[in-house]
1. Run residue 25 past the list (1) under 30 Å from residue 122 (Cβ atoms); (2) modelled with pLDDT of 95 or more; (3) out of contact with any helix residue (DSSP H, G or I) (no Cβ under 9 Å at 6 or more places or on another chain) and report the number of the one that doesn't hold.
2. Quick test for you: out of 220, 151, pick the one residue that is touching a residue at least 24 places away in the same chain (Cβ under 8 Å), surrounded by 14 or more Cβ atoms within 10 Å (Cβ to Cβ) and over 22 Å from residue 279 (Cβ atoms).
3. Do you know which of the residues in region 127-148 that are in contact with a helix residue (DSSP H, G or I) (Cβ under 7 Å, 6 or more places away or on another chain) and surrounded by fewer than 16 Cβ atoms within 10 Å (Cβ to Cβ) is nearest to residue 24 (Cα to Cα)?
4. Of the numbered conditions (1) surrounded by fewer than 16 Cβ atoms within 10 Å (Cβ to Cβ); (2) assigned to a helix (DSSP H, G or I); (3) touching a residue at least 24 places away in the same chain (Cβ under 8 Å); (4) under 32 Å from the mean Cα position of the chain (by Cα), residue 70 satisfies every one except a single condition; which is it?
5. All but one of (1) at pLDDT 85 or above; (2) assigned to a helix (DSSP H, G or I); (3) closer than 26 Å to residue 263 by Cα hold for residue 218; which doesn't?
6. Is it the case that some residue within region 195-214 is over 18 Å from residue 261 (Cα atoms) and surrounded by 19 or more Cβ atoms within 10 Å (Cβ to Cβ)?
7. For residue 22, only one of the following conditions fails: (1) surrounded by fewer than 18 Cβ atoms within 10 Å (Cβ to Cβ); (2) more than 33 Å from the chain's Cα centre (by Cα). What is its number?
8. Looking at region 73-114, which of its residues are in a helix (DSSP H, G or I) and exposed (fewer than 14 other Cβ atoms within 10 Å of the Cβ)?
């Protein structure tokens, strides 16, 4: 039995007060289990971990089915484990198997709010990512992936980070494994664009050579194109877009319209809410029409 203040043993004697009445203040998750039930033992640490993580936003009531036969029967339990979420004195959700942590989280998120000072794991991973702490973000997403391997959003983010760390093969394997409809989603398009740009980077000449070439000939299409790729890889996206627009003005048909294609891929990578994307999408539209 854990020493957590958010976990307690529910009995016939305390059930009305500590579960039904208390659920008006905070939801109570009832876990009906037994010592002989292997799935129960797989699930219990997950529930206890989440109870501590939520810091009292819900409480975990553990019901030992062998010791609390009357209570177990009154709950209508037919199999173990049985988990019931009670809110305002009513059962609002539940499940009857050892779900992975990610699935349990999804159920809780529908009914329970994380404490205001508590950061959801996915949000934490993206904050770390934006702060440049790739290894820490990778650790958070890796744990989420272990808990719920079917969460494609997390899987694609993991692949993005792997690509940033130079493991392009793994990133590409993830991309190729996605269902066809998922490959059409924005997040997958971002991954595809990143992989393409990273692959191209292996063949890029040094930046100083490209800048020297443009000093000699500001309309050098090859230098404009390759320098734009350098900027993309360094996340200097506005500079990259400006160079690609210049390339379209110089020669819109260069390498099968590579400037337009690269711009569209970059738009996909960054998303429509990016202000640079909105600016340069208008410039591209003007050039094309």
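The values are calculated or read from the model by the stated rules, or taken from the named source; none is laboratory data. What you see is a predicted model, and the numbers here were worked out from it, not measured in a lab. All Cβ positions, glycine included, derive from the backbone under ideal geometry; neighbour counts span all protein chains shown.
1. It fails just one condition, (2).
2. Every option except 151 fails the conditions.
3. 142
4. (4)
5. (2)
6. yes
7. Here residue 22 meets the rest and fails (1).
8. Matches in region 73-114: 73, 74, 106, 109, 110.
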